[in-house]
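Worksheet for the structure shown next.
Since every read-out is calculated from the coordinates, none of them should be taken as a lab result. Every value quoted in this text rests on a predicted model; they were computed, and no experiment measured them. Using ideal geometry, Cβ is built from the backbone for each residue, glycine included, and neighbour counts are taken over all protein chains shown.
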Amino acid sequence: AHGKGIIHRDLKPDNLLIVSGPMGETELCKVLDFGIAKLLIQEGGVDALETQAGTVFGTPRYMSPEQAQGKALDVRSDLYALGVILYHMLVGHPPYTDNDAVVVMAHHIKTPPKRPRDVLPERPLPSDLESLLMRVLEKKPEKRPQDAATFLSILDGLQPFVEPTETDINAVLAGRPRVLARPRWLLALVAISVVGILAFVVTMAE
């Protein structure tokens, strides 16, 4: 989607659907609900991807700092949202939780997230994965990976984890978070299937 000049602006677990791939051989992650997506269009050298000043779209719990402030957005805003989802998956809850949406947005703008090793010292993440997670959650967009391809390249270069044990599997069945076996499973979070892309393009054309 980013490669086609589209940013989602509302990435969250509710908008990610895991489905069986062709012939049931693999799993695919479809990114749903492009209802508030915007197109990156260059016209006369002016970037048309600009959220109106003071206007905020998206879901506060998974919102980038710049989105919470109603600033102009680019693909790095989606990467921040992906980082929040990744944090939620690995730690068991998002970095900021509060019943007041304004409080959550303020945390995204000002409060550094707690490192997973401090939240779950009994189940520390591999240091390279934790470093990538904290990098993608940087407040300033220029400190994050600059695009999805860079993020995937770093992710794909991480060392494999050990295979899950019976204890890990029982933890999943009991609803407790754990670190999954290998980093490549995370690719599903940012992979949009060909069918999903075509469906969106057709919808836009209509």
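Below are the figures for this structure:
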| quantity | calculated |
| --- | --- |
| Kirkwood-Stokes translational diffusion coefficient of segment 76-147, alpha-carbon pairs, 20 °C, 1.002 mPa s, µm²/s | 171 |
| Order by protection proxy (mean Cβ within 10 Å, highest first), peptides 105-112, 140-147 | 105-112, 140-147 |
| Rough spin-label spacing in nm, given labels placed 7 Å along Cα→Cβ, for residue 150 and residue 122 | 3.8 |
